[in-house]
1. If we scan the stretch 179-190, do we find a residue that is closer than 28 Å to GLY122 by Cβ and out of contact with any Ser or Thr (no Cβ under 8 Å at 6 or more places or on another chain)?
2. Are any of the residues in the stretch 25-38 buried (at least 17 other Cβ atoms within 10 Å of the Cβ), part of a helix (DSSP H, G or I) and not hydrophobic (A, V, I, L, M, F, W, C)?
3. Which of the residues belonging to the stretch 1-24 are assigned to a loop (DSSP other than H, G, I, E, B) and either in contact with an Asp or Glu (Cβ under 8 Å, 6 or more places away or on another chain) or within 14 Å of the ligand (Cβ to nearest atom) (or both)?
4. Would the stretch 100-115 turn up any residue that is small (Gly, Ala, Ser), surrounded by 17 or more Cβ atoms within 10 Å (Cβ to Cβ) and in a loop (DSSP other than H, G, I, E, B)?
5. For residues in the stretch 117-138 being away from the ligand (no atom under 16 Å from the Cβ) and closer than 19 Å to ARG209 by Cβ, which is farthest from the chain's Cα centre (by Cα)?
6. Just to be sure before I move on: is ILE42 under 22 Å from ALA173 (Cβ atoms), in contact (Cβ under 8 Å) with a residue 24 or more places away in the chain and either β-branched (Val, Ile, Thr) or away from the ligand (no atom under 16 Å from the Cβ) (or both) in the structure I sent?
7. How about the stretch 139-148: which of its residues are free of Cβ contacts under 8 Å to residues at least 24 places away in the same chain and either within 13 Å of the ligand (Cβ to nearest atom) or surrounded by 16 or more Cβ atoms within 10 Å (Cβ to Cβ) (or both)?
8. Out of curiosity, is LYS14 closer than 18 Å to LEU234 by Cβ, surrounded by fewer than 18 Cβ atoms within 10 Å (Cβ to Cβ) and touching a residue at least 60 places away in the same chain (Cβ under 8 Å)?
Amino acid sequence: MRKYLFVGNWKMHKTLRETEEYLGIFLDKLGDFKILDREIIIAPPFTSLALAAKLLKKTPLKLAAQNACWEERGAFTGEISPVMLKEVEVRYVILGHSERRHLFGETDEIIAKRVFGVYKFGLIPILCVGETLEERKAGKTLEVVERQLREDLKYLQEIKGEDLVIAYEPVWAIGTGINATPFQAEEVQSFIRKKLSEIYSFEVAKKVRILYGGSVTPENIEELMKEPNIDGVLVGGASLEAEKFFKICISQIKKGEPR
Ligand code: 13P
């Protein structure tokens, strides 16, 4: 019922030349592959978006941005507006990524404004939430995730469900080679869906896609995707090589029973 979502977050990687080379390889591999049950999304740096939009025209791949402002225009040095992103065919925006929160000090208030802002202009927010290792060790995982959800979604009151994506990215799993086990991810992701049904409704929560992110590889993707509340993945390091990301994107999906 929910269309699977495979998102490659390139972070601060790839020049224009590298973008062109990567997409050439990826599209070549994709060929006539049927990907009807899933969406594949690339989130390159801002500077590569216009080129990527041109290269991805008439292909099933879609584009995400890695951040966005809440205003259409104005004195916001260093920011990019949702309207500018729409001009280069962007459909999704990653927001509240742990690197934005922890390296650049973005607060839940700022993230909440971004989430509502991009939504208002017709883009789909991919809101990232997740606990640090200290928070997990202190048994605070669910508390932290609930707080982030409630605060970051507070301005987003009326949604349909298909128009929001949540990514559970435990900070300790990002770029470390230590992924959350499918059990750990499912535990938090089923909790996220429960909270979404409290914040919105059961009907809406059923339609929101919840991704897992943190050291996803071609080796662990199939185990992770068995979980009923893992609707896709947000991939960093392993999305930087076209062949690797392709393997992830075409993986077999066999859903298991709810735990
Ligand atoms: P890695 O896949 O490199 O762990 O990064 C995850 C991530 O932060 C995706 O947004």
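Read the figures in this text as sums done on the coordinates, not as results from a lab. Being a predicted model, the structure only gives us computed values, none of them experimental. So basically every Cβ, Gly included, is an ideal-geometry build from the backbone, and we count neighbours across all protein chains shown.
1. Initial filter on the stretch 179-190 (closer than 28 Å to GLY122 by Cβ): 189.
Subsequent filtering for residues that are out of contact with any Ser or Thr (no Cβ under 8 Å at 6 or more places or on another chain) retains 189.
Within the stretch 179-190, one or more residues are closer than 28 Å to GLY122 by Cβ and out of contact with any Ser or Thr (no Cβ under 8 Å at 6 or more places or on another chain).
2. no
3. Here is the first cut: in the stretch 1-24, the ones assigned to a loop (DSSP other than H, G, I, E, B) are 1-3, 10-15.
Of everything in the stretch 1-24, those that are assigned to a loop (DSSP other than H, G, I, E, B) and either in contact with an Asp or Glu (Cβ under 8 Å, 6 or more places away or on another chain) or within 14 Å of the ligand (Cβ to nearest atom) (or both) turn out to be ARG2, LYS3, TRP10, LYS11, MET12, HIS13.
4. Let us first name the residues in the stretch 100-115 that are small (Gly, Ala, Ser), namely 105, 112.
In the following step, the residues that additionally are surrounded by 17 or more Cβ atoms within 10 Å (Cβ to Cβ) were identified as 112.
Keeping just the survivors that are in a loop (DSSP other than H, G, I, E, B) gives none.
No, the stretch 100-115 contains no residue that is small (Gly, Ala, Ser), surrounded by 17 or more Cβ atoms within 10 Å (Cβ to Cβ) and in a loop (DSSP other than H, G, I, E, B).
5. Checked the stretch 117-138; the qualifying residue farthest from the chain's Cα centre (by Cα) is GLY122.
6. Yes; evaluated as a whole, the condition is true for this residue.
7. The first filter runs over the stretch 139-148 and keeps only residues free of Cβ contacts under 8 Å to residues at least 24 places away in the same chain, leaving 139-140, 143-144.
If the condition is that a residue be free of Cβ contacts under 8 Å to residues at least 24 places away in the same chain and either within 13 Å of the ligand (Cβ to nearest atom) or surrounded by 16 or more Cβ atoms within 10 Å (Cβ to Cβ) (or both), then VAL144 is the only one that fits.
8. Details: closer than 18 Å to LEU234 by Cβ: yes; surrounded by fewer than 18 Cβ atoms within 10 Å (Cβ to Cβ): no; touching a residue at least 60 places away in the same chain (Cβ under 8 Å): yes.
Against the criterion (closer than 18 Å to LEU234 by Cβ, surrounded by fewer than 18 Cβ atoms within 10 Å (Cβ to Cβ) and touching a residue at least 60 places away in the same chain (Cβ under 8 Å)), LYS14 does not qualify.
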